[in-house]
Structures are given as structure tokens and as C-alpha cells.
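To keep things clear, I will list the structure first and then write my remarks on it.
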Amino acid sequence: MSKFSSSRSTQTSSKVIAQQVLWILKHGVLCIVLINPLTYLQAEQVQNLALKEAIARANAYQAEQGVWQAQQQISTANIKQSQLWINPNLSIQQTGFGSDQEQELSIGLSQTIDIFGERKAQQQLAQIAQSQLDLRQRMYQAQLQLAVKYLWSQLAVFELERDVVREQLQVSQANLDAIQKRYQAGSLAQVDVDRARLSHSENQRLYHQADLQVQVATQQLSNLWGQSDKTLQVGLSASTLWPSSVSQDIQNNFAENLYEKSRQLQVMQAKATVHHLQVQARPNPTVNVGVNRIKSIETSTENAFVVGVSIPLNIFDRQQYAVQIAQVKQSALIHQQEFYIRQNALQVGALLTELQGLEVQFKEVNQSQIPLATQVQRKTLMGFSAGKFAVTDVQQATLQLQDVRLRKVQLLKDAWQRAIEAESLSLGIEPSQIMAKDAIAQLNQNLWQDTQALPVVGGGN
């Protein structure tokens, strides 16, 4: 009977405890929300931001500016303008206005005949300009994507650095607790505690600095799609954050070869300009058709039909020096293209070699040095708590752990910088333009200036 009563009382007490735990969980979460609802909502709203999503957001926002649509309209109008014929000239002359004077009225119409293909040369220049516009738009998208990737990688590395500083702050707190216990036991001096507090305070400052870096990088990234979002995070670990796809990205850039295509279009434009200048130097004839009406005092009115041809004599100015200038530019552009291809390949290869060396160091630090330094620090702290080690031993082990953790972060920073530099060069872009704080602003500013500076190709008066 006593056993049965004991069993029932145990079950009853278990149910009561379960109900109490459930009540605490429900009301505990409610208390957290009531005490700090902003923190709770941010924790709910923060989502990991993938690189593809960041690029898609930036592309969608930048496309809303409508600059490329304006350039396409200008280019289309240029092509239509280049197809127009030169306007004819109408001339009307009259002599003698009195009734007692002989009167002569001349009406003439003149039209320049394009027999050497000047209009066709203008159309070729307009078509090349259209191809250049299409290629510039593709290069703009590539530069925008690379700039987004750089800011995204900055945020990811800063998040990792903040996590490392937070871990180091926890180690510092554990050291301070152990030193205070030894001080209370009378085996350490007050100055040892003060040194530990100073070190812990510095680690707290470093954490605030790292957290500020993350906040600024978050806003800079979200500004690319017109927002100031502080809830973004990348949330990648160190092993998955390494830029392992950079070699494939560079191969894709070389295969697509946008910058080389741009150089080829520049050569084509130079050749077309030379041809256009040569055609302009040739004398296109002008056909004149008209009617002369003569009314004299003695006789009746006489009409005469007049047909003539005028040919300009290009004796002195045959555009010979303009053609020479264009030919020199064309030759220099070809040599520059060949030189750039060789130098660019060498620079990209050197950066990839450096990136491979950084990866070897990163794996050594991440897989060997950090676990070993963590183990040494933990055992040193345990030995210190047991009275086997001095404060200097704990400080040395802690500094070693901090050093290897920060070295891992620095290797990641260097790796991403080399990756962005290599990708920039593979696109024919100066790396400093991509890694500048106002990279997107400068890119758009150049785009707007190019829009206003687009020339009018072809057409006649």
C-alpha cells in the first residue's frame, strides 16, 4: 500500500513539475519579448543573405534608373540618323523688280550625290556604336556584380572577425574569473587582477569595434539596392567562406572575354573612322536642276530649263592628315591590345599563385594551429586554477590563441582581396575601382556622363 501511494505521489509531483516548467517557458519567452521586444524581433527577422540574392537585388535596383534605356534610344536614333540622305538645296533669285525693267527669275534645286559610299560608312560607324553599347552594358553588369561580391565578402569576413573577438572575450572573462579566485585565495596580488581587468576591457573594446564594422558593412551592402537594412547577415563559417570559386570565375571571364571584345570593337571603330575620312575626302558631285524665266520689256516671257553638275576640287584639303592621325591611333590600339593581353595574363596568374599559397596557410591555421592553441590555453587555465602555472603562462597562452584566430581572419581578408583583384583584371578593370568605397556611385556617375557624351553619328544638312 505504501509503495502504491509513493508511486502515485511521484507521478503527481512529476506532472506538477512538468506544468511548472511549461508555464516558465511560455511566460519566460513573453517576459523576454516584453523586456526587449526589438532584440526579439530582430532575432526573428535576421536572415542569411546569399551572394546571388545580393546581386539580384542590386541589379533590380540599378535597372530602375533607366540609364541604359536612354542610351539604347540614343543608339537607335543614331542608326536611323545615319541612314538619312543629305538635304537638297533650293535657291530662288530674281533681278529687276520694276515694271520698266527686265526681270529674270531663277529657280534651282541642287542635290549632292553620294557615289563613294559616305552614307554607308556612317551607317557602319553607327552599327559599331550600337555593338559597343551592348558590350558596355554587359561590362557594367559584370562590374556591378563584382562590386557587390566585394562588399558581400567584406560583411562576411567582418562577421567572422566579430565571432573571433567574441570567443576571445569569453576566454578573457574566464581568465579574469580564475585570477580573481586565486586573488581571493591570497596567492596573487591586486596588480595581477587589475592587469586582467585591463586586458578584458580591451577585449570588450575590440568587440565593439568589430561589431561596428559589421553594422557599417551591412548598411553599405544594403545601400546598393536603395535600403539601409541592419538585419542582414551572411552567416558563413570560415571553411565555407574561402573564395574557392575564383579560378572558375576567372576562366569564365576569360572565355567570355568582354574586355578583349571591347578592344576589338575599338579597332573596328578606328578602321571604320579611317574609311569614313577617306570617303569624305573624295569629291561627291552635286547635280543642279533649275528654270530661268526672263521677261523683257519688248519681248514676251522666255523660259529656259537648266541642268548642271558641280564637282568640288579637293586639291589642298583631302583629309590626308586626319586619315594619318586615325591610322596612327589604329596602329597604337592594336599594339596596346597585344601588350595588354600578355601582361594581364601574367598578373592574373601571379594572383592565383598567391591565392593558392594563402589557402595552404589558412588550412594549416584553421585545422592545426587553432585547435592546438585552444587546447593549450584551456589546459594552462586549468593548471593555473590548480596553482601549477603563473599568470604570465595564462597570458602567453591567451595571446597565442588570439594571434592564431586573428591570423585566420587576416588570411581570409587577404584571400578575398586577391580574388577580387584577379577577377577585376580578368574583366579588364582596375581593382581599385571595384574596391573603392564609392565604387557603385562612380560606376553610375561614369555611366551618366557617357550618356550625355554620346555623339550623333551620320546624317546631313
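Could you list all residues from the stretch 61-79 that are touching a Phe, Trp or Tyr at 6+ places or on another chain (Cβ under 7 Å) and open to solvent by less than 60 Å² (accessible area, probe 1.4 Å)?
Taking the stretch 61-79 as the starting set, the residues that turn out to be touching a Phe, Trp or Tyr at 6+ places or on another chain (Cβ under 7 Å) are 61, 67.
The answer is Val67, and nothing else.
Go through the stretch 205-259 residue by residue and tally those that are among the acidic types (Asp, Glu) and at pLDDT 90 or above.
Looking only at that region, the number is 2.
Taking the condition of being part of a helix (DSSP H, G or I) and hydroxyl-bearing (Ser, Thr, Tyr), how many residues in the stretch 212-244 meet it?
Pass one, the stretch 212-244, residues part of a helix (DSSP H, G or I): 212-225, 238-241.
Imposing the further condition that a residue be hydroxyl-bearing (Ser, Thr, Tyr) reduces the set to 218, 222, 239-240.
Counting residues in the stretch 212-244 that are part of a helix (DSSP H, G or I) and hydroxyl-bearing (Ser, Thr, Tyr) gives 4.
Taking the stretch 141-181 on its own, how many of its residues are open to solvent by less than 30 Å² (accessible area, probe 1.4 Å), of a type in the set (Lys, Arg) and more than 24 Å from Asn48 (Cα to Cα)?
0
Give the residues of the stretch 302-319 that are surrounded by 13 or more Cβ atoms within 10 Å (Cβ to Cβ) and more than 43 Å from the chain's Cα centre (by Cα), sorted by residue number.
Asn314, Arg318
Quick one: count up the residues across the stretch 374-427 that are under 30 Å from Gly349 (Cα atoms) and small (Gly, Ala, Ser).
Result for the stretch 374-427: 5.
Got a number for residues in the stretch 271-318 being of a type in the set (D, E, K, R) and not in a loop (DSSP other than H, G, I, E, B)?
Adding up the residues that qualify gives 4.
Condition (residue is without any contact (Cβ under 8 Å) to a residue 60 or more places away in the chain and of a type in the set (A, V, I, L, M)) applied to the stretch 225-246: is it met by at least one residue?
No: the stretch 225-246 contains no residue that is without any contact (Cβ under 8 Å) to a residue 60 or more places away in the chain and of a type in the set (A, V, I, L, M).
How many residues are touching a Pro at 6+ places or on another chain (Cβ under 8 Å) and of a type in the set (A, V, I, L, M) when one looks only at the stretch 376-429?
Looking only at that region, the number is 4.
Among the residues of the stretch 291-299, is any open to solvent by 60 Å² or more (accessible area, probe 1.4 Å) and at pLDDT 90 or above?
yes
Residue check, Leu224 against (1) open to solvent by 20 Å² or more (accessible area, probe 1.4 Å); (2) within 20 Å of the chain's Cα centre (by Cα), all met but one. Which one?
Result: Leu224 fails condition (1) only.
In the stretch 121-132, how many residues are open to solvent by 60 Å² or more (accessible area, probe 1.4 Å) and within 12 Å of Thr273 (Cα to Cα)?
Selection size over the stretch 121-132: 1.
Out of curiosity, is Ala142 within 28 Å of Gln417 (Cβ to Cβ), of a type in the set (Gly, Ala, Ser) and part of a helix (DSSP H, G or I)?
Judged against the criteria, Ala142 is a match.
Evaluate the following for Gly349: is it small (Gly, Ala, Ser), within 30 Å of Ser424 (Cβ to Cβ) and either touching a Ser or Thr at 6+ places or on another chain (Cβ under 9 Å) or modelled with pLDDT of 85 or more (or both)?
yes
Rundown of residues vs (1) among the basic types (Lys, Arg); (2) open to solvent by less than 40 Å² (accessible area, probe 1.4 Å); (3) closer than 30 Å to Ala272 by Cβ, yes/no style:
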residue: Ile334; (1), (2), (3): no, no, yes
residue: Leu346; (1), (2), (3): no, no, no
residue: Glu354; (1), (2), (3): no, no, no
residue: Leu358; (1), (2), (3): no, yes, no
residue: Lys363; (1), (2), (3): yes, no, no
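Just to be sure I understand, how many residues within the stretch 171-211 are assigned to a loop (DSSP other than H, G, I, E, B) and either free of Cβ contacts under 8 Å to residues at least 40 places away in the same chain or among the small types (Gly, Ala, Ser) (or both)?
Of the residues in the stretch 171-211, 4 are assigned to a loop (DSSP other than H, G, I, E, B) and either free of Cβ contacts under 8 Å to residues at least 40 places away in the same chain or among the small types (Gly, Ala, Ser) (or both).
For Val323, only one of the following conditions fails: (1) farther than 18 Å from Gln94 by Cα; (2) surrounded by 14 or more Cβ atoms within 10 Å (Cβ to Cβ); (3) in contact (Cβ under 8 Å) with a residue 60 or more places away in the chain. What is its number?
(3)
For the stretch 114-139, what are the residues that are farther than 30 Å from Leu411 by Cα, among the hydrophobic types (A, V, I, L, M, F, W, C) and outside any loop (DSSP other than H, G, I, E, B)?
Correct list: Ala121, Leu125, Ala126, Ile128, Ala129, Leu133, Leu135.
Is it the case, given these coordinates, that Glu202 is surrounded by fewer than 13 Cβ atoms within 10 Å (Cβ to Cβ) and charged (D, E, K, R)?
It is true that Glu202 is surrounded by fewer than 13 Cβ atoms within 10 Å (Cβ to Cβ) and charged (D, E, K, R).
Would you confirm whether or not the stretch 104-113 contains a residue that is in a helix (DSSP H, G or I), open to solvent by less than 50 Å² (accessible area, probe 1.4 Å) and touching a residue at least 24 places away in the same chain (Cβ under 8 Å)?
No: zero hits.
The values are calculated or read from the model by the stated rules, or taken from the named source; none is laboratory data. What you are looking at is a predicted structure, and each value in this text was computed from that prediction instead of being measured. Neighbour counts run over all protein chains shown; Cβ positions are idealised from the backbone, glycine included. When the accessible area is computed, the model is the full protein with side chains, heavy atoms only, and any ligands, DNA or RNA have been set aside. Shrake-Rupley method; radii C 1.70, N 1.55, O 1.52, S 1.80 Å.
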